[in-house]
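Read through the structure below, which is laid out as structure tokens, and then see the notes.
The values are calculated or read from the model by the stated rules, or taken from the named source; none is laboratory data. Every value quoted in this text rests on a predicted model; they were computed, and no experiment measured them. Here Cβ is always computed from backbone atoms with ideal geometry, including for glycine, and neighbour counts include all displayed protein chains. Protein only, heavy atoms only, side chains kept; ligands, DNA and RNA dropped before computing areas. Shrake-Rupley method; radii C 1.70, N 1.55, O 1.52, S 1.80 Å.
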Amino acid sequence: MSVQTTSFPFERKMKNLFDDRLHPTEHVHYQLSPEELIADTLSMGEGALNNTGALVINTGEFTGRSPKDRFIVKDETTEGKVHWNEFNIPIEPRHFDTIYKKVLSYLDQREHMWVRDCYACAAENYRVNIRVITEKPWSNLFAYNMFLRPTEHDLENFAPEWCVINVPELKLDPNECGIRHSNVSVVSFKKKMILVVGSGYTGEIKKGIFTILNYILPREKNVLGMHCSANVGRDGDTAIFFGLSGTGKTTLSADPDRELIGDDEHGWTENGIFNFEGGCYAKCINLAENREPEIFHAIRRGALVENVTFFPDSNKINFSDASITENTRVSYPLHFISNMHESGTAGIPKNIFFLTCDAFGVLPPIAKLNAEQAMYQFISGYTAKIAGTETGVTEPKPTFSACFGAPFMPLHPGLYAQMLGEKLQKHNVNVWMINTGWTGGTYGAGRRMNLSHTRAMVAAALRDGLSNVEYEKHSIFGFAIPRKCPGVPIEILNPRNTWENKNDYDKKAKYLAGLFSKNFEKYASGVSNKVLAAGPQDNS
């Protein structure tokens, strides 16, 4: 949709921005099409087209989120409700007001700005209308790609509930604004506003909306917000994949025999699940057509590619170049994916997968969890990463992110876990832990799980191929490990059997169990004794 601009007095610009029915002006460009936004970006010299027609831009100083510069206004609306921690950092209302005034003053001096009305939540009963105001046309293209797009009929009666304002070039005075640096991302639930200042990283816009949904939907709508991908089979069976970066979430949820509902953010209602978004925001580092063909071919006209470089004397992207950042990204509408699930909604999940890349080589390649174990592991949100590039440093680094998305969960993780547990028990959902990491030893001694074996395990779970097999209990973590799985060598299913020195395995398993227990201490007060007891136990 493209709205032709008409001339309004400049001094009315700011008031017009917050009217339900926004009127475009020569300064305020409203609801421009992707083609128009691309043309505006190119005319400003802020982007280039690659050889497939995608728009390539550089987000500037910030090429990723800045979680320590993300604040939530602490007022009567949030004081006793938000789980204040290192991710949910409080800021006083007076500081928000100062920042807001500076943003408005800054915008009033800008010659142009771009405004988009859109919404989150594919299920109509839970729709949240959003107005996104940006000083960059490419930021507005990101909003077009990532959020759901109203029809012209929808826009006739569109009333924004939340407003996001993104001004990357405004630098704030930290002392005056009560913040750490000149940049900030701040949420006010009272004023229903998200301000992203001093950063051009588009992911701040996306995750700002995800954060507010994870506050609003559980409290007001009894909907569980989830940081996960989801797909649906030909028989209508829904599967959910939780996992932190590097665990294989995108790879394993991309299945040619199943339709993709969404790749990152979903809600679970009494009747099923729905996608929060209208697009995908995929990593590009080392992207290859043979490994991830859907993402590779989505990089075309209309896609927005961030912080990549070109091969010399060409406009062909060098996906292996991390000189700007490892966090190279592309956003594109879901309809760029050939096997997308058009409605963005599906039924109650039949299977849930918790993906972890365990570089300690302790966790089994597949295990079945009961409801309490699922709640414990959901709160833990575990994976392990390799400890960097220093010579001789090979010890894995454990990473725990509550609910597999701690920075975006404003409420206590125990609340989300309780909602999950209730749904698991009510609907008798299968929960599986999948280790895509190491076996036969830790990183440097063992070997990485074979992807074909991992795919076979996921496929077996999805097709009820593990319903009638025998299971054995892991001695420390208590998981139920299948004794056989179609298409998978029996000897790899129990991780202890893959280690040459069984005592070494036992020591490492106890070490990892201790890390889990230590991490869980900060959540213990918000969960039941049954969930606490579902954690790893040292039975020696």
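Out of ARG234, ARG180, ARG149, which single residue is under 21 Å from the mean Cα position of the chain (by Cα) and open to solvent by 40 Å² or more (accessible area, probe 1.4 Å)?
ARG149
If the requirement is being over 21 Å from the mean Cα position of the chain (by Cα) and among the small types (Gly, Ala, Ser), which of these qualifies: ALA359, ALA303, ALA374?
On the way: ALA303 fails: over 21 Å from the mean Cα position of the chain (by Cα); ALA374 fails: over 21 Å from the mean Cα position of the chain (by Cα).
Just a single option satisfies the conditions, and that option is ALA359.
If ILE434 passes every condition in (1) among the β-branched types (Val, Ile, Thr); (2) farther than 29 Å from GLU270 by Cβ; (3) under 30 Å from the mean Cα position of the chain (by Cα) but one, which one does it miss?
It is condition (2) that ILE434 fails.
With the requirement that a residue be of a type in the set (Gly, Ala, Ser) and part of a strand (DSSP E or B), what does region 275-324 give you? Explain how you work it out, then say what you get.
Start the filter on region 275-324 by keeping residues that are of a type in the set (Gly, Ala, Ser), which leaves 278-279, 282, 288, 298, 302-303, 314, 320, 322-323.
Those that are of a type in the set (Gly, Ala, Ser) and part of a strand (DSSP E or B): GLY279, ALA282.
Can you run down the residue pairs with Cβ atoms below 8 Å, 6 or more apart or on separate chains, where the first is in region 528-539 and without any contact (Cβ under 8 Å) to a residue 60 or more places away in the chain and part of a helix (DSSP H, G or I) and the partner is among the acidic types (Asp, Glu) and open to solvent by less than 50 Å² (accessible area, probe 1.4 Å)?
none
Return yes when ASN271 is within 18 Å of MET226 (Cβ to Cβ) and open to solvent by 10 Å² or more (accessible area, probe 1.4 Å) and no when it is not. Full working, then the answer.
Working: within 18 Å of MET226 (Cβ to Cβ): yes; open to solvent by 10 Å² or more (accessible area, probe 1.4 Å): yes.
So ASN271 passes the test.
So, of the residues in region 44-66 that are touching a Pro at 6+ places or on another chain (Cβ under 9 Å) and surrounded by fewer than 15 Cβ atoms within 10 Å (Cβ to Cβ), which turns out to be nearest to MET193 (Cα to Cα)?
GLU61
Taking GLU220 and the conditions (1) without any contact (Cβ under 8 Å) to a residue 60 or more places away in the chain; (2) open to solvent by less than 10 Å² (accessible area, probe 1.4 Å), which numbered condition does it fall short on, given that it satisfies the others?
(2)
Does region 219-237 hold any residues that are part of a loop (DSSP other than H, G, I, E, B) and β-branched (Val, Ile, Thr), and which are they?
Hit for region 219-237 is VAL223, nothing else.
Return the residues of region 238-274 that are of a type in the set (S, T, N, Q), assigned to a loop (DSSP other than H, G, I, E, B) and over 12 Å from the mean Cα position of the chain (by Cα); say none if nothing qualifies. Lay out the reasoning, then the answer.
Here is the first cut: in region 238-274, the residues of a type in the set (S, T, N, Q) are 238, 245, 247, 250-251, 253, 269, 271.
Now drop any that are not assigned to a loop (DSSP other than H, G, I, E, B), which leaves 245, 247, 269, 271.
Within region 238-274, THR247, THR269, ASN271 qualify.
Give the number of residues within region 328-369 that are more than 16 Å from ASP235 (Cα to Cα), polar (S, T, N, Q) and crowded, with 21+ Cβ neighbours inside 10 Å.
Residues that pass the stated criteria total 3.
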